[in-house]
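Here the structure is laid out as structure tokens; the discussion comes afterwards.
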Amino acid sequence: MKAFPEGFNALDNDPAQADFIAGKSAMLVMGSWAIQQLYTDMQDKLGVCKFPEITGGKGNADTWLGQPDQSFAIAAKSNVKDAAAEFIKTISDPEIQTKLSEAGNLVATNIEPDPDKVNPVAMKVGELLKDMKELFVFYDVGLGATIGNEYNNTIQAITAGQSVEESFKALQQFTEQNRED
């Protein structure tokens with residue numbers, strides 16, 4: 001589809017984002033953390049969509065890769081459980097969630113922010129999220145640092161043209177040798 005520039009596999013976040021802002025690539029695969037800055041840099045030139053389905057490919061455009069923007073937990077052994085619980089109650093308040101939304105954040109609660117006060121790209125992401133059927137976490141997060149890093153290397157190798165089957169066989173071997181039980 002030529003959505004990414006030649007040599008995209010060698011780009012890290014900053015150069016990839018700079019190329020996208022400069023119009024040198026049609027797409028940038030990025031997380032919600034980048035919405036506010038990209039919108040600031042691009043305004044009405046920025047849009048958001050589900051990753052395009054590939055003809056003959058497997059999967060579903062309503063299965064998303066990601067993780068929740070707002071996740072909180074209180075440690076069982078915490079000495080400040082009451083204060084932590086109060087913080088969670090405060091940040092979950094609809095008024096606070098609305099302010100967070102108006103600041104460009106995706107929120108974890110059901111609020112109806114004023115569309116005129118919310119970043120339109122964040123608003124569109126929120127709308128698209130309503131169609132999401134499944135969410136799976138970033139594999140490098142779920143697999144842990146060692147195996148997750150090797151997973152990232154494997155995906156890089158595949159996008160650079162190496163055999164999918166051979167790459168994943170090597171990853172399986174690496175996983176078996178480095179799995180912490």
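The values are calculated or read from the model by the stated rules, or taken from the named source; none is laboratory data. Only a predicted model underlies this, so the values are computations on that prediction, with no experimental measurement involved. Cβ: placed from backbone, ideal geometry, glycine included. Neighbour counts: every protein chain shown.
Within the range 133-150, the set of residues being modelled with pLDDT of 90 or more and assigned to a loop (DSSP other than H, G, I, E, B) comprises Lys133, Leu143, Gly144. Looking only at residues of the range 106-164 that are closer than 21 Å to Trp64 by Cβ and among the basic types (Lys, Arg), we find that the one that is surrounded by the fewest Cβ atoms within 10 Å (Cβ to Cβ) is Lys130.
Rundown of residues vs (1) among the polar types (S, T, N, Q); (2) over 21 Å from Gly31 (Cα atoms); (3) free of Cβ contacts under 8 Å to residues at least 40 places away in the same chain, yes/no style:
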| position | (1), (2), (3) |
| --- | --- |
| Glu102 | no, no, yes |
| Asn110 | yes, no, yes |
| Glu127 | no, no, yes |
| Met132 | no, no, no |
| Phe138 | no, no, no |
| Tyr151 | no, no, yes |
| Ser163 | yes, yes, yes |
| Glu176 | no, yes, yes |
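Evaluation of Tyr39 against the conditions (1) surrounded by 14 or more Cβ atoms within 10 Å (Cβ to Cβ); (2) modelled with pLDDT under 90; (3) within 17 Å of Ala103 (Cβ to Cβ) shows that the sole unmet condition is (2).
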